[in-house]
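The values are calculated or read from the model by the stated rules, or taken from the named source; none is laboratory data. Nothing here was measured: the structure is a model prediction, and the numbers come from that model. Every residue, glycine as well, gets a Cβ built from its backbone with ideal geometry; the counts of neighbours run over all protein chains shown. Surface accessibility is based on the protein's heavy atoms, side chains included, excluding ligands, DNA and RNA. Shrake-Rupley method; radii C 1.70, N 1.55, O 1.52, S 1.80 Å.
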Amino acid sequence: MEFATKKYMVKYENNPVMSPSMMPIQCLYTFNPGAIKYKDEYILMMDVTTLDDIHRIWIARSKDGYNFKADPQPPKWPAPDPTHPETCTYDPRITQIGDEFIILYASDLSQNNVRVGIIKTKDFETFERVAIASELGNRNGALFPEKINGLYCRLDRPFGNEQDPCSMWVSYSPDLVFWGKSEPVKFNGVPFMDGFKMGAGAVPIRVKEGWLEFYHTVSTTCNGFIYRIKACILDAENPAKILGYTKDFLLYPEPQNDYENEGRVGNVTFICNAIPEPDGSIKIYYGAADTNIGLATCNMQEIIDLCMANPCNE
């Protein structure tokens, strides 16, 4: 039996790069950012829990990708459709298509009454609502950066209750509003279930092998869940098919890192982004214990090779 001989994701030595103490207001938690490079800045659209216990999306910016400063105020959020009120907004994933940035996020009525919301922007200053794009009981929406067979495509995660098993699905849309043709992601022809529950993490990255997707996988313990990160390659034309995936965890909470274990929810590393860099590396800004934001880096080709070393046998 072969065991991992190295860490393929390296955590930044000065983690966390964002925490509640770095915010311009008193708040409880900063976590789970969507992230992207825009012009000469790194943009984090992060979950911030204010003292009223509401999750709001707040932007932080950095010139170098390491030193972030939060905006003085959260962005002016587009008014919700009166038939789809929102209590909390969180876990955004940012996809660039042309000159627009399309953000899929969790639109929350309560813990299990969650839908996929969609807004868009061209400048990360003003935002426009696109749709509430799922029924209740769906989250972890991640939009592919190009159409597949003429349709927009997203990963999502339908679920009944947060305590129940659930997995990644693929859905399609002609217009970002109406979604269907939904099916579970499969490996070797059967629905893929890696852990007690799992779901999309980053926006998929187009590579020559297909689509590189980082996802979260959840293990159960005697007193709760542990959230860790793995990766897979999805077929370029049929992203419901996994071509290969990593057998070992890539990013996970470590006992010596208080910022990953002490907070709103301990034992959590959770991602909503993966930023490819010109040198072949990837930056990932991850939520740690639902309280802080860490940075980890990896080599893209190494992750692809790890996925393809465990291939589909169809």
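Ordered by solvent-accessible area of protein heavy atoms (1.4 Å probe), largest first, the residues Leu243, Leu250 come out as Leu243, Leu250.
Reducing region 1-15 and region 96-151 to their Cα centroids gives an inter-centroid distance of 32 Å. Think of a 1.4 Å ball rolled over the protein heavy atoms: the chain then has 43 Å² of accessible area per residue. Surface composition of region 98-227: carbon and sulfur make up 51 percent of the accessible area, probe 1.4 Å.
Does region 185-293 classify as rounded, prolate or oblate by the C-alpha gyration tensor (a ≥ b ≥ c root eigenvalues; a/c under 1.5 gives rounded; else a/b over b/c gives prolate, otherwise oblate)? Intermediate results must be reported in sequence, preceding the final value.
Numbers: a/c = 2.71, a/b = 1.42, b/c = 1.91.
It is oblate, given that a/c is not under 1.5 and a/b is not larger than b/c.
Counting other C-beta atoms within 10 Å, and keeping those with at most 12, which DSSP coil trypsin sites (Lys or Arg not before Pro) do you find in region 13-74? Present the calculation step by step, with values, prior to reporting the outcome.
Working: sites: Lys37, Lys39, Arg56, Arg61, Lys63, Lys69; in loops: Lys39, Lys63.
Answer in residue order: Lys39, Lys63.
Heavy-atom accessible area with a 1.4 Å probe sorts Glu314, Glu41, largest first, into Glu314, Glu41. Computed with every protein chain present, the accessible area of Ser21 is close to 110 Å² [probe 1.4 Å].
The trypsin sites (Lys or Arg not before Pro) found in region 201-238 that occupy coil by DSSP, while having at most 16 further C-beta atoms within 10 Å, are Lys208. Please say if region 96-172 is rounded, prolate or oblate, where rounded means a/c under 1.5 for a ≥ b ≥ c the square roots of the C-alpha gyration tensor eigenvalues, and otherwise the choice is prolate for a/b larger than b/c and oblate otherwise? Note, shape of region 96-172 comes out oblate.
Taking amide H as placed 1.01 Å from N in the peptide plane, the amide H of Gly65 sits under 5 Å from that of Tyr42, each at least 5 places away or on another chain.
So if a site counts as exposed when it's one of the chymotrypsin sites (Phe, Trp or Tyr not before Pro), its DSSP state isn't H, G, I, E or B, and it has at most 10 other Cβ atoms within 10 Å, what's the longest stretch of the chain without one? Please list the in-between numbers first.
Values: sites that count: Phe3, Phe178.
The segment 4-177 is the longest one with no such site.
Note on exposure: Asp52, Asp47, Asp71 ranked by accessible area (1.4 Å probe, complete protein assembly) read Asp52, Asp71, Asp47, with the most exposed listed first.
Under the combined filter of DSSP loop state and at most 14 neighbouring Cβ atoms within 10 Å, region 70-167 retains these trypsin sites (Lys or Arg not before Pro): Lys76, Lys122, Lys147. For the chain, the direction-averaged projected area of the alpha-carbon convex hull comes to 15.8 nm². Measuring only protein heavy atoms, the 1.4 Å probe finds Thr126 accessible over about 90 Å².
From the square roots a ≥ b ≥ c of the eigenvalues of the alpha-carbon gyration tensor of region 23-85, which class results: rounded (a/c under 1.5), prolate (a/b over b/c), or oblate? Oblate is the answer for region 23-85, as a/c is 1.5 or above yet b/c matches or exceeds a/b.
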